[in-house]
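Have a look at the structure below before the remarks.
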Amino acid sequence: MTRLKTLFDEESKANNEQLGPSSCINVESVERLNEKAFPNGDLYVGDFKEILPHGKGKYTWSDGTVYDGDWEAGKMAGKGLLIWPSGAKYNGDISGGYLHGFGAFTASDGSIYEGHWRMNIRHGYGKKKYSNSDIYEGEWKEGEHEGKGIYFWNNGNKYTGNWKRGKMHGRGVMEWINGDHYNGCWFNGFRHGNGIYQYADGGYYFGTWTRGLKDGKGLFYPAGSKRPSLKKCCTSLGYDNDHKTALPQCSSLHLEEHIVKKPSIKRSLSEKISVSGVLKGSGRMSSKTAESSGLSDSGREFVHHNSSGTFSFDSDAGQSELQENTAVIYEREYMQGVMIKERIRDYNKLSKKAEKKTKFHAKETQKSSCVGIFKGHNSYHLMLNLQLGIRYTVGKITPVPKREVRAADFGDRARITMFFPKKGSQFTPPHKSIDFYWKDYCPMVFRHLRELFKLDAAEYMMSICGDDGLTEISSPGKSGSLFYLSHDDKFVIKTLKKSELKVLLKMLPKYHNHVKEHENTLITKFFGLHRITLPGRRKVRFVVMGNMFCTELRIHRRYDLKGSTHGRITDKDKIHENTTLKDLDLSYEFHMDKSLREFLFDQIADDCAFLKSQQIIDYSLLLGLHFRAPEPLDGIVEPPNISPNMQSSPAGQDGEVLFPSKGFVLLAHEPSSVNTDPGPHIRGRALRAFSLGNQEVDILVPGTGRLRVQLGVNMPARANHKLPQDESDSAEVELFEVYDVILYMGIIDILQEYNAKKKAEHAYKSVKFGPTTISVVEPELYANRFTNFLKQKVFPEQP
């Protein structure tokens, strides 16, 4: 009894921090009491069951905190009213001593929350009115806005859509008090991705945003022009054929799918209650946050003009004024909010172009390989089969102790096969797809390749097999292959022809050695090779690759460069935001730091020598460009070595020009200042820059952060726009000729052998088109032409 009494006294002292029921227990009383006072000043009035509060009761703590409600076995459980000395109060469900269930909480600052709780935290559906009169109604998770919800600012602005971690994230509609609307994608509280901006006077802008600023191509319809077809505008910009960047429900400006419904929620028990925990994570959008994320476009863009006076302003408020010629629309391109190009178009011609493109895409869809593969089945089944197979293989191979790769690991018997019935089996789980057979090729080899890039097995599985699934993206080439992108953008999965599978298996031993010896190789990184056999014995082969464009920076241009000229130009009417352009479309040359350029071409030489040894042709350099917003320039800028802007910059040894600090800054590498986590497309050390005394370097990108410079990743350069001799389209004006750019690159399509079929193709095309212009040439000539083209036309030495 003495030991229990001591325990009771200790718990009584802690009652201000924990509203535990033991503080109201009188261990010396076993009778049913209606009232009990405690030595520390606490008072309980109510029902008891044996020695524990049970039923209805009111407990008053010595600090003034009061609970009046239901008790169960000594704990607050059921419905009750809690009042704190600060004036805060809660009225609702309580379970196990926690605010848990449905209830209304009024904070001391006057804010009111009415909704669901889980262990003292807002979780589920709820409505909160803040002390500044802002209102949020929607879904909560762990005390923050997450899911679907509506936020009303006290100034009249309103957001309806998706939230994540307390910020606007996903699809949503913003309505400003001035009548402007934005319907599109959000990221971390900013407009980010594709969207439609409607001005109060009737003007529209269809385009893309990055971190709240227009970034990329778009269409502007002035006020008074014919109301555009959203579907046609999406088609014209190319969004309809790219699942990754498509505008969700772009045929409607409404957001019916985001109407918030009140769910019923059941939660688990807990043990204690904390006033500070209840007040944590209020979720109010501060005025600063509201201004940065909710600012309308009617005054946030930059004003620019050039010497010719073609553009007098770049403010959307002025752009949306009523135009005399209502058939005129504007194709525009922005970089971080700065307009760099404008083309005046006729609405009727653009409509015809969109119709043509729609018909063209319809024909292409009919030719798509997925139609033949599934014969009516949705590609969702193929994606699910792929996830099930990879999860099984990685789970089976990961526990095997690490060892060196052996010759037998490349052999014909180095396979894992399994049957996946829909109802499940002793070795496989039940699933919602169709029955299929799974085959994994050379699993130990690909495990070792993943280890070379320090890819964790669990993270690899989560990227590809997680609940977020895979995204099907359109094929940039003529192969008709299906492409899937992992939800975190780290991996690309591509279907292969049988011939390509054979080439990869044949070259795999040498490929493995090359990747092992050259940590900076630009050649495609392969991480898995698989086959799915569907009902009817139809086989689908896949390869998992690293995504070369896995970056938080926006890729403004993509080029597929081979070094040939025949057929290497893209029809202008088929170019859209995400088109991969070709050799003759390239209108820029890129000047690099001297040492970075040397590193690049040393590696290209090694990679081409490997491909030549394997009799591979038809490969290309996939080049991605991220442009930095240029400074306002008057007229056309001279070449870099005589540009006034560059002359004012400091120079390195031998007159080597340093990069200006406008678009980015090169800094000495500091491992502690950059993200050194391994990725699916990079490994090895940071590169050295001649302009910084051959030190390893990082690049500081304003608005993004500090990035590690590696071969093919985050490589800084200056892009010079080559002026055409004959400007055929006088309605298009490019305002700037010199840009700071960040480059991403790699060598892709390395699975085409120079076999008998290709030799015959070479003979035929050589006669018809000439032997120097065609892509199909023997491997040595292909490698030399490829390298010389990159050296002379793409990355020339600075004069």
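The values are calculated or read from the model by the stated rules, or taken from the named source; none is laboratory data. Being a predicted model, the structure only gives us computed values, none of them experimental. Cβ coordinates were reconstructed from backbone atoms using ideal geometry, including for glycine residues, and neighbour counts include every protein chain displayed. Protein only, heavy atoms only, side chains kept; ligands, DNA and RNA dropped before computing areas. Shrake-Rupley method; radii C 1.70, N 1.55, O 1.52, S 1.80 Å.
Taking θ as phi - 60° and the Karplus parameters 6.51, -1.76 and 1.60, the scalar couplings of region 549-562 work out to 9, 7, 8, 7, 7, 6, 8, 7, 9, 10, 10, 10, 10, 10 Hz in sequence order, x denoting glycine and proline. When you count the other C-beta atoms within 10 angstrom of each residue and take the mean per peptide, 712-722, 54-64 line up highest first as 712-722, 54-64. Other residues whose C-beta falls under 14 angstrom from the C-beta of H169 contribute a net charge of +4, scoring Lys and Arg +1 and Asp and Glu -1.
Our estimate of slack between K793 and T398, defined as 0.36 nm per intervening residue step minus the Cα-Cα distance, is 137.6 nm. Computing FRET efficiency as 1/(1 + (r/R0)^6) for A609 and N155, where r is the C-beta to C-beta distance and R0 is 56 Å, gives about 0.30. Of the trypsin sites (Lys or Arg not before Pro) found in region 508-548, those in coil by DSSP whose Cβ has at most 16 other Cβ atoms within 10 Å are R537. Residues whose amide H falls under 5 Å from that of S620, counting only those 5 or more places apart or on a different chain, are I748, with hydrogens built in the peptide plane. Residues of region 390-408 with amide nitrogen under 14 Å from the 7 Å Cα-to-Cβ point of K516? Within reach of a label on K516, which here means backbone N under 14 Å from a point 7 Å along Cα→Cβ, region 390-408 contributes 403-408.
Computed with a 1.4 Å probe over protein heavy atoms only, the accessible surface of region 377-547 comes to 47 Å² per residue. Legend: distances between Cα atoms for K516/K612; K502/K791; K722/K793; K525/K765; K396/K454; K497/K757; pairs beyond 21 Å are K502/K791; K525/K765.
Within the accessible area of region 377-547, the carbon and sulfur atoms contribute 52%, probe 1.4 Å, all protein chains present.
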